[in-house]
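Taking it in order: structure first as structure tokens, then the write-up.
The values are calculated or read from the model by the stated rules, or taken from the named source; none is laboratory data. Everything numeric here is computed off the predicted structure, so don't read it as measured data. Here the Cβ positions follow ideal geometry from the backbone for every residue, glycine too, while neighbour counts run over all protein chains shown.
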Amino acid sequence: MKFFEPVRDRTNASPLVEQTVAAVEHAIRQQALRPGMAVPSVRQFAKTHGLSTFTVSAAYNRLVAQGWLTARPGSGYRVAVPIRPEPMASTPPSWKPPQLGAAWLLSDVFADHSIPIKSGCGWLPSEWLHETGLEQALRHAAKAAASQVAGYGHPYGYFPLREHLVHDLERHGLALDVDQVLLTQGATQGLDIVVRTLLRPGDVVVVELPCYANLLQTLRLAGLTVVGVPRNEEGLCLPTLQRVAQTHSVKALFLNTVLHNPTGTSLSMANAFRVLQLAEEHDFWVIEDDVSRDLLPGIGPMLVALAGTDRVVYVSGFSKSIAPSMRVGYIVSSPEMLKAFAHTKMTIGLTTPEIMERTVYQILRLGRHRTHLQRVQDRLRQAHDEVTDLLDHHGFEVLCRPRAGLFLWARPRHVWSEIGTVRLAENALQHGIWLAPGSYFYPEQTEQGWLRFNVAYSLHPGLWRFMRKMGSE
């Protein structure tokens, strides 16, 4: 069966992967392919249409990510069987785009399921989750006796998970005791606990430019004076950091070591060493937000392993690698400081939900999580390659090409870039597309024309039809 005739004009036609996706999607919509039916193998489809197997494999993976196909080892690809009617197959007459803004990005977006194309979100697609491992872990956690989970639990969190984290961090050269790990409700609460414990209103803190948007909101609520230092492909701009440290009484520096949110960059080893030297020279804390490390193939610098827990407070979690709903994070610090963090944790919210901590522990203990992470890393690398090609094809400037993690940081070179990313994002919402304007990642919401793209959600043909439409106006 031939689905379409590929158009190979690179100037005027969509990329071949996009054409393939559109053709299969059309066949499913027209019911030429029905739920549960097998689709041609990658090799067969490629031969029939005169395409490379790489192109067809990329298209099939994209169709799986969008929910049109399912893939099972040994049985190839099949048309997905819908569990319920697709809520956004057509836009309901009563639907109105949400009001875009920093507050929506911080909170309402997590409850807003009306937007079909989520290029601006900050998490993995649900289809990419380790479904079997998660279900098995949930079943195991559910077998715990009620008497074991009925209480508040330990202020530091579930002991077996903390013990597992100690052994896991040894792989990075970090020697810890169990009383140096505090479990939290996600890394975001971990950062809040650190801010409330170490800092007071008016203290000067340094953040990266651009910076994790939710952190900026936390720092504002704490009444802190925020000073930005630009982030580049090597890490922090060291001359600027040195100048800021010399002219301000800096109390703390907040940064992502690897796979920075939103730029996707990672610190080089030389940059990491110099950051730690400046922290030592000017006596400020380094708060290392390392929530995306599990998505990094290979190794990257870990500041707490290089400098120890007397200078660095390490914060991480599992929302990026297991599931966003698994609100389990952790803080690593010195035993004395961790006591203070635990006191703050108990003051603002008491203990963390042990049932979630038990579930995460089971996922890690079962031994399949590393295999799952390898698959996710491979899919992200392929998505990076495809989205980078699409950005190049549509005239975007890409800051860095990490081929890992969730994010790419890019800005259009077109004339329409002059309208600004906020207006562009508002326009996109009218077409059911969520974009993340770069201004939300700056303390003063500075407009510099950048957008954050989540590569796992940025392969939808509708996104690029919108970009082409904007480019032609």
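For region 353-371, the criterion of being outside any helix (DSSP H, G or I), surrounded by 21 or more Cβ atoms within 10 Å (Cβ to Cβ), in contact (Cβ under 8 Å) with a residue 12 or more places away in the chain and among the polar types (S, T, N, Q) is satisfied by no residue at all. Checking each residue in region 13-33 for being in a loop (DSSP other than H, G, I, E, B) and either touching a residue at least 12 places away in the same chain (Cβ under 8 Å) or more than 33 Å from the chain's Cα centre (by Cα) (or both) picks out 14, 15, 30, 31, 32, 33. If the requirement is being in contact with a helix residue (DSSP H, G or I) (Cβ under 8 Å, 6 or more places away or on another chain), farther than 23 Å from residue 126 by Cα and of a type in the set (A, V, I, L, M, F, W, C), which of these qualifies: 291, 304, 332, 328? Residue meeting the stated conditions: 332.
The single condition among (1) closer than 30 Å to residue 356 by Cβ; (2) outside any helix (DSSP H, G or I); (3) modelled with pLDDT of 95 or more that residue 175 does not satisfy is (3). Looking at region 200-254, which of its residues are charged (D, E, K, R), part of a loop (DSSP other than H, G, I, E, B) and under 28 Å from residue 120 (Cβ atoms)? Matches in region 200-254: 233, 234.
Report yes if residue 401 is within 20 Å of residue 293 (Cα to Cα), surrounded by fewer than 20 Cβ atoms within 10 Å (Cβ to Cβ), out of contact with any Gly (no Cβ under 6 Å at 6 or more places or on another chain) and not polar (S, T, N, Q), otherwise no. Quick ask: steps written out before the conclusion?
Numbers: within 20 Å of residue 293 (Cα to Cα): yes; surrounded by fewer than 20 Cβ atoms within 10 Å (Cβ to Cβ): yes; out of contact with any Gly (no Cβ under 6 Å at 6 or more places or on another chain): yes; not polar (S, T, N, Q): yes.
Answer is yes for this residue.
Would you say residue 274 is surrounded by fewer than 21 Cβ atoms within 10 Å (Cβ to Cβ) and under 14 Å from residue 230 (Cα atoms)? Lay out the reasoning, then the answer.
Values: surrounded by fewer than 21 Cβ atoms within 10 Å (Cβ to Cβ): yes; under 14 Å from residue 230 (Cα atoms): no.
Here the answer is no, as residue 274 does not meet what is asked.
For region 366-419, a residue qualifies if it is in contact with a Lys or Arg (Cβ under 8 Å, 6 or more places away or on another chain) and of a type in the set (Gly, Ala, Ser), and the qualifying residues are 395, 404, 417.
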